[in-house]
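Data block below; observations after.
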Amino acid sequence: MPKTTKKAEVKPFVRFDYSRMTAERGNMMMPKADLIDLARRLEPVRAAVIKQWRSGQLGFMAIPERTADLKAVEAMAKTVGREFKTLVVIGIGGSDLGARMLVKALKPAGKGMEIRFIGANTDPDEMAALLRDLDWRKTAINVISKSGDTIEPMSAFVLLRDRLVKAVGVNRHARHVIATTDTEKGTLRKIADREGYRTLPVPADIGGRFSVLTPVGLFPAACAGIPVRRLVVGCRAVRDEFAAAKTMDNGPLMFAGLQHDGYVRRSQHITVLMPYGERLREFGSWFRQLWAESLGKRLDRHGKVVNHGFTPVAALGATDQHSQVQLYNEGPFDKTLTFIEVESPDADFRLPNPYPDIEGTAYMAGHRLGEILHAERAATSLALTENGRPNGTVFVPRVSPEAVGALVNFFQIATAVAGELLDVNAYDQPGVEAGKKHMYKLLGRKGFEKF
Ligand code: PA5
């Protein structure tokens, strides 16, 4: 039987240890003596982010105050959960990765609806696999698109709607669809209004990749049985701490500052995020979009060509120790590593000793699996440090809703700070829009003939 630990949640929900990002003497780590100077440079940056938040320019920072959205999500999830067994979530990018991450990390066993994802690709084989075993009478669709114009989710939607209508009839199908989209404009809003679908809002002032803690991610999570209110508790705690904590104790501020310092002074352009533990596997994919799309920019905020950006790498501990750590330890000095460590697993197993005379397994006897996972991270961090490789660790007490909400906002705020440091607009994505226009032209969409 697994040992099950149910511990009361204790603050802080996240703690960033950056002691191994610096060294006594400067090599490919930041010289320790420079920390004070970094902290001094970060203070006006924090002030700028807080000013933008307080003047209403940073929608994601005000998510804890969006209580009406939270209530709408909880009420809708309750009703939909009573009516249906499976929820098919359709979305891509910021309308997809956050919900996947929450469900993977937090779905309670045996509770909530079954959640299936589609629309993050236009892969017919993936669609065929989904359609193979769907029972339409017990299935609802949550189609998520802020613009309502994105081809991957919208092509999946029209296809699934067609199957749904064939299965339950045009009149009844509307009850099966919940559209999460802009409250006023866009193609999906038009469709939802025409069909009479139930809807949830994508806040106008929150971009896709910052929207996981809005109805975009919260509704699928609530349907999965996750207590979404607790995600917002963690999100708020990190935001308020960002505003109040001393610079050197300020996790998101120091994370962004250290990444930026490595980028400009030591050409460390690659950011590896390596959570330890299967439940956080999708966290890296969510972070990868946030960090890449927000900071990878041709122009700075004054229109000067800068071609800035970090290349994020999503790794998983301990799995990728046997795939990538060789490169991280001995390859080019072009990256920083950040581990995420979960201090207490929800369940644990003590190892037996079936072969006391064989040291290759006997040394493990009596140790717990969770303890081995801690040792894996600690050993990897130590080996990297010995080789002069900057690495930090974000600690969370458990994979609880509070901790995941806190982790999300840790990296969202860090992204906002990094955007300030690089002096780029972290909230647009002109490079993605250009590709979309070319594709519309290729597929014959009216209005894009001359693009
Ligand atoms: O972060 C973003 O804004 C993007 O990744 C979008 O989320 C993605 O392109 C999907 O857009 P939409 O929700 O409009 O379909």
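The values are calculated or read from the model by the stated rules, or taken from the named source; none is laboratory data. Keep in mind that what you see is a predicted model, and the values were worked out from it rather than measured. Note that we place each Cβ from the backbone using ideal geometry, even for glycine, and neighbour counts take in every protein chain shown. To get the accessible areas, we keep the full protein, side chains included, count just its heavy atoms, and leave off ligands, DNA and RNA. Shrake-Rupley method; radii C 1.70, N 1.55, O 1.52, S 1.80 Å.
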Some residue of segment 227-249 being within 16 Å of the ligand (Cβ to nearest atom), outside any loop (DSSP other than H, G, I, E, B), under 30 Å from Glu83 (Cβ atoms) and within 20 Å of the chain's Cα centre (by Cα): no
Counting only residues in segment 384-436 that are outside any helix (DSSP H, G or I) and β-branched (Val, Ile, Thr), the one farthest from Phe287 (Cα to Cα) is identified as Val424
Condition met for Gln321 (outside any loop (DSSP other than H, G, I, E, B) and either outside the structural domain of Phe411 (by TED's automatic domain parsing) or crowded, with 17+ Cβ neighbours inside 10 Å (or both)): yes
Of the residues Arg198, Arg266, which single one is under 26 Å from Asn142 (Cα atoms) and open to solvent by 20 Å² or more (accessible area, probe 1.4 Å)? Arg198
Where residues in segment 85-110 are open to solvent by 10 Å² or more (accessible area, probe 1.4 Å) and within 18 Å of Pro345 (Cβ to Cβ), which of them is farthest from the chain's Cα centre (by Cα)? Ala109
If you go through segment 289-308 one residue at a time, how many are within 16 Å of the ligand (Cβ to nearest atom) and without any contact (Cβ under 8 Å) to a residue 40 or more places away in the chain? 1
Would you tally the residues in segment 182-194 being open to solvent by 80 Å² or more (accessible area, probe 1.4 Å) and in a helix (DSSP H, G or I)? 3
Out of the residues in segment 120-159 that are touching a strand residue (DSSP E or B) at 6+ places or on another chain (Cβ under 7 Å) and within 9 Å of the ligand (Cβ to nearest atom), which is modelled with the lowest pLDDT? Gly148
For Val212, are the conditions met, namely being within 12 Å of the ligand (Cβ to nearest atom), out of contact with any Ser or Thr (no Cβ under 9 Å at 6 or more places or on another chain) and closer than 18 Å to Glu74 by Cα? yes
Suppose the filter is in the same structural domain as Ile178 (by TED's automatic domain parsing) and either more than 16 Å from the ligand (Cβ to nearest atom) or surrounded by fewer than 21 Cβ atoms within 10 Å (Cβ to Cβ) (or both); does Pro220 pass it? no
Can you tell me which residue in segment 1-17 is farthest from Tyr328 (Cα to Cα), limited to those that are open to solvent by 30 Å² or more (accessible area, probe 1.4 Å) and modelled with pLDDT of 90 or more? Arg15
Sort out which residues of segment 332-346 are surrounded by 13 or more Cβ atoms within 10 Å (Cβ to Cβ) and not polar (S, T, N, Q), and write them in order of number. Phe333, Asp334, Lys335, Leu337, Phe339, Ile340, Glu341, Val342, Glu343, Pro345, Asp346
Looking at (1) touching a helix residue (DSSP H, G or I) at 6+ places or on another chain (Cβ under 6 Å); (2) closer than 26 Å to Ala403 by Cβ; (3) not in a helix (DSSP H, G or I), which is the only condition Ala179 fails? (2)
Flagged pairs (Cβ under 9 angstrom, 6 or more apart or on separate chains; first in segment 375-392, of a type in the set (Lys, Arg) and open to solvent by less than 10 Å² (accessible area, probe 1.4 Å); second at pLDDT 95 or above and in a strand (DSSP E or B)) are none
